[in-house]
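Presented below is the structure to which this report refers.
What follows is calculated from the coordinates using simple rules that are stated; it is not laboratory data. None of these values were measured; they are calculated from a predicted model. Counting neighbours? That spans all protein chains shown, and the Cβs are built from the backbone with ideal geometry, glycine included.
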Amino acid sequence: MAAKDRDRFSTATRLRLLGEQTAARVYRSQNRRQARRSRLTGRAAFLALVVCSLVVVLAYPMRQYVSQRDEIADQQRRAQDAKARTEELRDEKARLQDDAYIRQLARTHLHYLLPGETGYTVIDPDAVKEREGRTGESGRPWHSNLWDGVDSADRD
């Protein structure tokens with residue numbers, strides 16, 4: 001037995017046993033990884049299939065939902081704008097029932113005067129300079145310039 005004990009504690013025997021144990025562990029871990037990989041791969045494939053089918057099934061309805069929500073918001077905005085415009089027109093209609101407001105509009109826009117008043121027209125000197133500085137005006141009536149433009153367009 002002494003030879004057997006010596007053999008058991010020898011370095012070569014220890015290294016051989018250590019190598020066998022390490023190889024067994026590596027083999028077992030590879031088998032476990034392969035077993036885990038095969039199970040996870042199937043699960044992952046199934047999960048991917050479920051996710052892709054949900055995306056495909058829900059993509060069109062979600063797009064429709066979002067576009068309809070945008071359209072609803074646009075229509076609500078238009079309705080608010082129309083309501084505001086209606087209120088403005090009602091206010092304008094109410095003001096047009098007042099004779100003083102009608103007189104004010106006539107004096108402002110149509111330059112009407114009451115009997116006994118004298119009207120004045122103020123000419124802006126800058127506007128006159130701009131008008132005189134324009135090129136292409138020959139001092140003729142506007143309709144003559146218009147017809148000349150039409151005739152020259154026909155020639156080209």
In order over the stretch 111-117: 3J(HN,Hα) from phi, Karplus 6.51/-1.76/1.60, θ = phi - 60°, whole Hz, x for each Gly or Pro, gives 6, 6, 10, 7, x, x, 8
Mind giving me the nanometre distance, one decimal, between the label points for ARG25 and ARG155, set 7 Å out from Cα along Cα→Cβ?
-> 10.5
Report the paramagnetic label zone for ILE72: residues of the stretch 45-66 whose backbone N is under 15 Å from a point 7 Å from Cα along the Cα-to-Cβ axis.
-> 62-66
